[in-house]
Each structure stands twice: as C-alpha cells, then as structure tokens.
Amino acid sequence: MKSNTSYVSKKASKALLAFILIILCGVFSINPLFAQSYQGPFVITKGGTYTGNWESTNSDVPAVEVRTSEPVIITNSNIRGAGFLIKSWYTAADITVKNTNGYGITPTPYSEYPKTRRFITVNDFKNVVVENCYMESTAGVFVGDYYKGNGTTGNSIKIRYNKAKNIDGRVHGGKVHSQFVQFNYRGEVPGVEIGWNEVINEPSRSLVEDNINIFNSRGTASSPIRIHNNYIQGAYPVDATGSSYSGGGILTDSDGDINTCTAYIVGHDNHLVNLGNYSMGIAGGNNIRYHNNRAVNSATFDDGSRFNMYTSGFWSMDYYKKGTTFSNTIENNTIGVMAWGWPSDRRDLSDMEGASAINNTSLSGTITKQHEKDEYSRWLQKLSSNGIGLGPNGTAPSAPVTQEPSVAPTPAPTTETSTVAGSGSGKITHEFWANVHGTNTSVIPVTSAPTKKAELTIFEAPANVGDTYGQRIRGYVTAPATGSYTFWIASDDQAELYLSTSEDPAKKVKVASVSEWTDARQWTKYSSQKSVAIKLEAGKRYYIEALHLEGGGGDNLAIGWTMPNGTLERPLAGKHLSPMGSTAPVVQEPTPTPTPTPTPVTEEPAPSAPVAASGKI
C-alpha cells in the first residue's frame, strides 16, 4: 500500500532525526580539551611514569611542575594551563613527554614576570624528549640554561613526531616572544634532533616569533644539531595584517663569543610555507649548513590580500657583530618567495655574510596559494611513504631515515675512517714581543725571552692589541681521525704557518702564509692562505707554529683546518691543541663493562588527589 505521509509529519520526523544525530555526534565527537575531567596543579617530586589530566587556571602556577632530577615520564595525558603547562627548573632534568595533549587557556594576571603558556620549559637538564604530542595555543618548547648530561647521545634533546597549532605568546595584558622550539643552553650537546614535526599557525589566531630558534646553543663537530623534515606554516604578528614583524621559520641566533656562540647545526629537508619575514636565517654562528629545504611563500592570505610585512627566503649575517659568523653553507635548496616591492617581487636569497650559497634553485613565476597547497600535499605524502604518524599514538618511521653525518658542505674524499679517543689538553702557547719593526716575520726575536707569555684556548690571538709587535703561537695539534687535513691562516699583517711531521719542531715546514693582510677570519683573500691536503694520523701529535708581525692599524691572527669529513673548524678548537712542554696523554683501551641485569621499571601513577604546588614559582 502506498503511504500518504503529510508534509508536516515529514518535517517533524526530519527534525527528530537531526536532533538524535546531534546528540550522538556530541557523545562521540567532543573536543578533547573539554571532554576530560581535570585535576588541579600537580607537583612531581619523584622519578617514575605519570598519566593524568591536569590543569592550572592561574598563570603563576604551572599545571605540572617537576622537582626531581630522577627520570620522569609523562605519557597519555592531557594538560592545560594559563601559564606554564610543564615546568622543571633548578634541577638537572631528565624528562620524557609522550602521547600527550597540551592546551593553552586564557592567561591571567601574573607576578614578577610574564608566564607564557609553554608546553614545557626546562632549565638545567640532562635529557629532554618530547615525542608524539599535540600542542594548541601554547608557547611551545623551551630548553635552557645549562647542559648537565654525560655527553652521550642518551643524554640529549629529541623533539619529534609532534603536531602544533597556533603557537601563541600572548600573556595577560601583553605579549612576549614565543616559539615552537627555543634552545638557549650552554655547552655542547650531541645527538640533538628536531625532526618530523608539523607546525601550523593561523593568521591573527597565533603569535609566534621564530618557529625554531637556536640561541647560543651548539651540537658537536661529529654530531651537529639536526633540524630536519619539519613542516612549518605561518609566522605572523598578532594582527597578521600589520607591517612590523621580526619572526619567521628557522633561525640560528647568537650574541656569544667564539666559545659560547651557536655552532654545528644542520637544517635539511624542511618545508617552510607562507612565512612572514623569512624562511631560514643565520643571525649568528658558525659551521651551519642549510641544505635540501623547500621554501614556498605566496605572501598572501587566503582571501587573496597581500602581506604588509617583509618576506624573504634564506639569508646569513653577523647580526651582533661578534665575528663568530663564518663557515656556513646554504645549498641545494628549492626556493620560491614572493616579496612585494622587491625586484620582480621575489626575494629568494638575500644577505650572505659568513656563508656560501651553492646550487640553490628558484621556482619560476609567481608563487600562488596553490603552490602552498601542493607543498602540504607533498608533506603528507612524505609522512605516508616513511610510515610516520604524528601526534598522540602516532608512529615513528617504519624504516631508518638517512642520518646527516656532519655539517660539511662537500665532504673531502678519503678512504681512512679510523678515529681515536686521544685529544689535546685545550690550550696552546702564546708568546708576544713588543717593539718589533720590519717587513717580514724573520725580524721576530724568537730566540729572546718574550715580553709576555700566555696560553690560548683556541688557535686565535687577541685582535687589535697594538702596533709594531711580533707574536708566535705554538704547541701541538692532535688529529682526531686519520685522513687528509687542509690548514688555513688569516692575519693582519704578515704571517706564516708551520707544521711538523711529528712533535719535533726541527722538522717543521711552512704550509700557509699571508704576505700583506686580511680582515679577521678572512680565509680566502689569497691562495697562499690555504695549505695543500696533508695526511695526519689519528691520535698523533704534530708540532704547529704560527708567526705573525704587526706594523700598524688593525691586527689579527687565526688558524683553522678542514677535517677529513669536510668539517670546517676555523679557528681551530682548543680540544685539539696542547701547549709547549706538555706530553701526550696515554690512551688506554677501555675495560669491557658487563651487561647489567635489567631492573623492572616502577610506574608511579598520578595520585587521586591533586598535589598543591609550593615554593618559588
């Protein structure tokens, strides 16, 4: 029988069905920010594994505070805060955060200083791991001030497989700089990795400075900080239509001296999309290599309106004028950055102070929003092909991803790979003679007692100390690996570099020289500044000597080398040097350590009642 249902009945039925669907959707699709039942602030004073839902609605009080140097794991948790979400200060932190959601909520008035909504803030650390987390409206990850680990890759920093939305530096009544990742630690840390993260900032819903900023922090020559395979989209002032903005994508930043400046960084295979100001920059530091990255920027918003702020692709400059920006390389990158008002409305590469730009490719034509969409599709395909799932309960690569071995722009060919633990003592002898006149280094009275004598911690003399003097820097250099080394010299005025085939000074030969003058650390003004390739043996000490004569005006002297793996170290670091009169250390074979019996891991869950935060915040 054919049914004759009225229009009103049909309308009522549809309304009832829609209501039921809304209820069901509400049950199964509630935003996790509001779906959880949260406890108040939580303080961890003992190592263990913790799972829970914690919040703080007071900007002065962290949602979670870690007050122990014992290993702490926070996993499968939800955390939200008006200030710091996770805080660990004043201890040598060993913290792992995994599979955890973090949300910034409305900031409140604060005391003493602004409390940003950092997902995690750590001072003085041994080991920090943040993996497979989700962050929304937070101020990202901060790691400082001092590294207190054991110098192995097991005591390091790993920030991987995370998703972040709208990094936000707004605080109550104002704003401060914030980043997805900010490093500001002292000391060399091996094995550091910032990889496979997705960061998307929306215009006028975020406030990010540099998405990734490495400030006065460093890796090592053999294990540089690796910033790789990250997708970073969006960097704008809080009013995205404004014209004043200083942030951007990935920046190495440094106002430190040669011993504390940013150094040994590799940034590769990153995607930089729709970023205000810049894509990847070097504002200070050395031995930094940016390669095989992709910068795609239409410099327009979704509605088609153009950025008012400046945009650019890659650049390098000694921003703080510390003389520490050198031996950097920007190569094999793909770049398409619109910059309205610049020639051809493009600015793919700009300043290149202290860096070499090699084999970079500019995308042709006008970069559009479609180019940016295609870049995100490229990123998703990369994740899929590597078996990577981001955020909580995501997955690591299904197969090992190629690791970047060094910061060398072009590794020198060599078949020797043997290395040795022996090294220098950290200093080299410096002798100074006042009132020396002449036109070449032969007038330096090296057979007479010097006017003063000291030891240097790197192979570089103090600059601009006076006129009409002579100096000699000498001692021993220890090769860290067997292979071919190239030596470099820079000076004002004349200088010569000698190297022996052993520790015997009598066997020294001149390998490089400056006949007139160069600027400080200007390594390539004359062909004579570079030696031929010289074969050295791992662990063996060689006598090395630099003579320098200063007439008038500016004065400087520095020695560097290129190691067998292609790493440039200019000036030569103290760890390879030893002063005159020292003896070579005896390198002993390590005694095999028995494998320890595994100890069961005790997991300590979060208490059923919140623990009150106390002490100085």
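The values are calculated or read from the model by the stated rules, or taken from the named source; none is laboratory data. Keep in mind it's a predicted model, so treat the numbers as computed, not measured. Here the Cβ is made from the backbone with ideal geometry for all residues, glycine too, and neighbour counts use every protein chain on show. These area figures cover heavy atoms from the full protein model, side chains too; ligands, DNA and RNA do not enter into them. Shrake-Rupley method; radii C 1.70, N 1.55, O 1.52, S 1.80 Å.
Residues in the stretch 238-254 that are farther than 18 Å from ILE212 by Cβ and not hydrophobic (A, V, I, L, M, F, W, C): ASP239, THR241, GLY242, SER243, SER244. The residue of the stretch 306-318 that is nearest to TYR376 (Cα to Cα), among those that are assigned to a loop (DSSP other than H, G, I, E, B) and open to solvent by less than 50 Å² (accessible area, probe 1.4 Å), is GLY313. Checking each residue in the stretch 229-248 for being under 17 Å from the mean Cα position of the chain (by Cα) and on the phi > 0 side of the Ramachandran plot picks out ASN229, GLY248.
Total residues in the stretch 548-582 satisfying the condition of being at pLDDT 90 or above, open to solvent by 20 Å² or more (accessible area, probe 1.4 Å) and in a strand (DSSP E or B): the figure is 1. Give me a count of the residues in the stretch 196-209 that are touching a Gly at 6+ places or on another chain (Cβ under 7 Å) and either on the phi > 0 side of the Ramachandran plot or open to solvent by less than 10 Å² (accessible area, probe 1.4 Å) (or both). Total satisfying the criteria: 3. Within the stretch 361-394, which residues are out of contact with any Cys (no Cβ under 9 Å at 6 or more places or on another chain), under 26 Å from GLU198 (Cβ atoms) and not in a helix (DSSP H, G or I)? Of everything in the stretch 361-394, those that are out of contact with any Cys (no Cβ under 9 Å at 6 or more places or on another chain), under 26 Å from GLU198 (Cβ atoms) and not in a helix (DSSP H, G or I) turn out to be THR361, SER362, LEU363, ILE367, THR368, ASN386, GLY387, ILE388, GLY389, LEU390, ASN393, GLY394. So, of the residues in the stretch 468-502 that are among the hydroxyl-bearing types (Ser, Thr, Tyr) and open to solvent by 10 Å² or more (accessible area, probe 1.4 Å), which turns out to be nearest to the chain's Cα centre (by Cα)? The residue in question is THR486. Across the stretch 180-194, the number of residues qualifying as touching a residue at least 40 places away in the same chain (Cβ under 8 Å), touching a Ser or Thr at 6+ places or on another chain (Cβ under 6 Å) and open to solvent by 10 Å² or more (accessible area, probe 1.4 Å) comes to 1. LEU251 meets all of the listed conditions (1) open to solvent by less than 10 Å² (accessible area, probe 1.4 Å); (2) under 12 Å from the mean Cα position of the chain (by Cα); (3) among the hydrophobic types (A, V, I, L, M, F, W, C) but one, namely (1).
Applying the criterion of being more than 12 Å from GLY551 (Cα to Cα) and open to solvent by less than 20 Å² (accessible area, probe 1.4 Å) to the residues of the stretch 431-443, the residue that is farthest from the chain's Cα centre (by Cα) is TRP433. Scanning the stretch 36-58 for residues that are more than 22 Å from ILE105 (Cα to Cα) and outside any strand (DSSP E or B) returns THR45, LYS46, GLY47.
Per the listing ASN166, ASN162, the residue uniquely more than 25 Å from SER222 (Cβ to Cβ) and surrounded by fewer than 24 Cβ atoms within 10 Å (Cβ to Cβ) is ASN166.
Sub-7 Å Cβ pairs linking a first residue in the stretch 503-526 that is in contact (Cβ under 8 Å) with a residue 40 or more places away in the chain to a second residue that is among the hydrophobic types (A, V, I, L, M, F, W, C) and surrounded by fewer than 18 Cβ atoms within 10 Å (Cβ to Cβ), at least 6 apart or interchain, are ALA520/ALA463, ordered by first then second residue. Of the listed requirements (1) at pLDDT 95 or above; (2) polar (S, T, N, Q); (3) not in a strand (DSSP E or B), SER111 misses just one: (1). Pairs linking a residue in the stretch 292-304 that is closer than 11 Å to ARG346 by Cα to a residue that is β-branched (Val, Ile, Thr) and open to solvent by less than 20 Å² (accessible area, probe 1.4 Å), with Cβ atoms under 8 Å and 6 or more positions apart or on different chains, are ASN297/VAL273; ASN297/THR311; ASN297/VAL337; ASN297/ILE367; SER298/ILE367; ALA299/THR311; ALA299/VAL337; ALA299/ILE367.
Being open to solvent by 70 Å² or more (accessible area, probe 1.4 Å) and over 30 Å from ARG570 (Cβ atoms) is true of LYS373.
I'd like to check something: does the stretch 268-279 contain any residue that is in a loop (DSSP other than H, G, I, E, B), at pLDDT below 95 and among the charged types (D, E, K, R)? No, every residue in the stretch 268-279 fails to be in a loop (DSSP other than H, G, I, E, B), at pLDDT below 95 and among the charged types (D, E, K, R). When you look at ARG289, is it at pLDDT 95 or above, over 21 Å from ARG378 (Cβ atoms) and either of a type in the set (A, V, I, L, M) or open to solvent by 10 Å² or more (accessible area, probe 1.4 Å) (or both), yes or no? When the stated conditions are applied, ARG289 passes them. If only residues of the stretch 333-360 that are assigned to a strand (DSSP E or B) and modelled with pLDDT under 95 are counted, the one that is nearest to THR262 (Cα to Cα) is ALA355.
Beta carbons closer than 7 Å, at least 6 apart along the sequence or on distinct chains, pair a first residue in the stretch 162-179 that is at negative phi and of a type in the set (Lys, Arg) with a second that is open to solvent by less than 10 Å² (accessible area, probe 1.4 Å) and part of a loop (DSSP other than H, G, I, E, B) for LYS163/GLY391; LYS175/GLY169.
The stretch 427-525 holds no strands (runs of 3 or more DSSP E) entirely within its bounds that carry 3 or more residues that are on the phi > 0 side of the Ramachandran plot. Do any residues in the stretch 195-211 that are within 11 Å of LEU275 (Cα to Cα) have Cβ atoms under 6 Å from those of residues that are open to solvent by 40 Å² or more (accessible area, probe 1.4 Å) and not in a loop (DSSP other than H, G, I, E, B), where the two are at least six apart or on different chains, and which pairs are they? Cβ pairs passing all conditions: ILE200/LYS165; ILE200/GLN233.
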